[in-house]
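**Student:** Let me give you the structure first, and then I'll get to my questions.
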Amino acid sequence: MNDEQTFRNALLVFMVIMFPIGVYHRLQSRVAGETLDRWQEGLFILATLRPLGLMNMVGVIAYLIDPASMAWSTVALPAWLRWTGVGLCACAGALVFWTFRRLGKNLTDTVVTRREHTLVMHGPYRWVRHPFYDSAALLTLGTSLVAANWFLFVTGALAVSLLVVRTRTEEEKLMARFGGNYRAYVERTGRFLPRIRANR
């Protein structure tokens, strides 16, 4: 087995494990059949975020099916760096699983909260307010390194950047929903990285 096949298999195993986990948690969060108004994200995010995510996913699938089909965007990377990508994917998978478990039925794919939404402040949310987006960033970097592909990095990085932009609207919605509780939560946590407190 050549190196390319090894990295392709590693990424395939990761996707085969993570896909049903993601589908399961998405379905569990929709048991009430509640419809969410994605237009509240704003037209720019609506017109760009999901198409970029789809382009990235199509690129990953194309690489898994036939790496030669993505050869036009391949970059030469040493094996150790590609194995680092495998490690990042594993970290991303662990973080997204932890995040899904703690969110439960609060999980949405937009900025709108559910009718029965609760403020989650445990698990990874104890330290950061958007651990799912952290996992998306790790996954983007990880898959790009494993596949040694700049197209996957560019489309993934643009999608993550749009998620970062979207957090402003998301946090406004959460502030309106939870008021002072969310304000206090914001003061003690970081948006994407844990807040470092100075010793007193």
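**Student:** Starting from the amide H of Asn149, placed 1.01 Å from N in the peptide plane, find each other amide H under 5 Å away whose residue is 5 or more places distant or on another chain.
**Tutor:** Val75
**Student:** Now for a separate question. What is the magnitude of the charge dipole of the chain about its Cα centre, with +1 placed on the Cβ of each Lys and Arg, -1 on the Cβ of each Asp and Glu, and no other charges, expressed in debye to the nearest 20?
**Tutor:** In total the dipole reaches around 940 debye.
**Student:** Also: May I ask you to evaluate 6.51 cos²θ - 1.76 cosθ + 1.60, the Karplus curve with θ = phi - 60°, for each residue of segment 14-19 and list the ³J(HN,Hα) values in order in whole Hz, giving x for glycine and proline?
**Tutor:** 4, 5, 5, 6, 7, 4
**Student:** I need Ile21, Ile45, Ile196 ordered by Cβ neighbour count within 10 Å, fewest first. Write down the numbers at each step before the final one.
**Tutor:** Details: Ile21 14, Ile45 18, Ile196 6.
Starting with the residue having the fewest Cβ neighbours, the order is Ile196, Ile21, Ile45.
**Student:** Of the GluC sites (Glu not before Pro) in segment 98-200, which ones lie in a loop per DSSP and count no more than 16 other C-beta atoms within 10 Å?
**Tutor:** On the way: sites: Glu116, Glu170, Glu171, Glu172, Glu187; in loops: Glu116.
Sites meeting the loop and neighbour criteria: Glu116.
**Student:** Related question: Would you kindly derive the ³J(HN,Hα) couplings of segment 40-45 from the backbone phi angles with the Karplus curve 6.51 cos²θ - 1.76 cosθ + 1.60 (θ = phi - 60°), listing them in order in whole Hz, with x for Gly and Pro?
**Tutor:** So the Karplus estimates, Gly and Pro as x, are 5, 5, x, 4, 4, 5 Hz.
**Student:** Name the chymotrypsin sites (Phe, Trp or Tyr not before Pro) in segment 75-119 that are in a loop by DSSP and that have at most 12 other C-beta atoms within 10 Å, would you? If you can, show how the numbers build up before the last one.
**Tutor:** Values: sites: Trp80, Trp83, Phe97, Trp98, Phe100; in loops: none.
The qualifying sites: there are none.
**Student:** Go ahead and set up a Gaussian network model of the chain, Cα springs under 10 Å, then flag whichever of Val128, Val75, Val164 fluctuates most.
**Tutor:** In this elastic network of the chain, the residue with the biggest mean-square fluctuation among Val128, Val75, Val164 is Val75.
**Student:** Relative contact order for segment 97-200: what is it in percent, counting Cα pairs under 8 Å that are at least 6 residues apart?
**Tutor:** That works out to 35 percent.
**Student:** Related question: Let me know the shape class of segment 47-92, please: from the alpha-carbon gyration tensor, a ≥ b ≥ c as square roots of the eigenvalues, rounded when a/c is under 1.5, otherwise prolate if a/b is greater than b/c, or oblate.
**Tutor:** Oblate is the answer for segment 47-92, as a/c is 1.5 or above yet b/c matches or exceeds a/b.
**Student:** Next up: Provide the gained length on full extension for the span Leu81 to Met121, in nm with one decimal, where the gain is 0.36 nm per separating residue minus the Cα-Cα distance.
**Tutor:** 10.9 nm
**Student:** At a 10 Å Cβ-Cβ cut-off, how would you order Ser135, Ser69, Ser144, fewest neighbours first?
**Tutor:** On the way: Ser135 22, Ser69 11, Ser144 27.
With the fewest neighbours first, Ser135, Ser69, Ser144 line up as Ser69, Ser135, Ser144.
**Student:** How do Tyr125, Tyr24, Tyr63 rank when sorted from fewest to most other Cβ atoms within 10 Å of their own Cβ? Mind dumping the intermediate values first?
**Tutor:** Details: Tyr125 19, Tyr24 11, Tyr63 27.
Fewest-to-most Cβ neighbours within 10 Å comes out as Tyr24, Tyr125, Tyr63.
**Student:** Here's another thing I want to ask about it. From the phi of every residue in segment 123-138, what ³J(HN,Hα) in whole Hz does the Karplus formula 6.51 cos²θ - 1.76 cosθ + 1.60 yield, where θ is phi - 60° and glycine or proline is x?
**Tutor:** For segment 123-138, the Karplus-derived couplings read x, x, 6, 5, 10, 9, 8, 9, x, 4, 6, 4, 5, 5, 5, 4 Hz, x marking Gly and Pro.
**Student:** With contacts defined as alpha carbon pairs under 8 Å and 6 or more residues apart, what's the relative contact order of segment 43-174 in percent?
**Tutor:** 40 percent
Read-outs throughout are calculated quantities, based only on the coordinates presented, and are distinct from any laboratory measurement. None of the values given here were measured: they were computed from a predicted structure. Cβ sites come from the backbone with ideal geometry, for glycine too, and all protein chains shown count toward neighbours.
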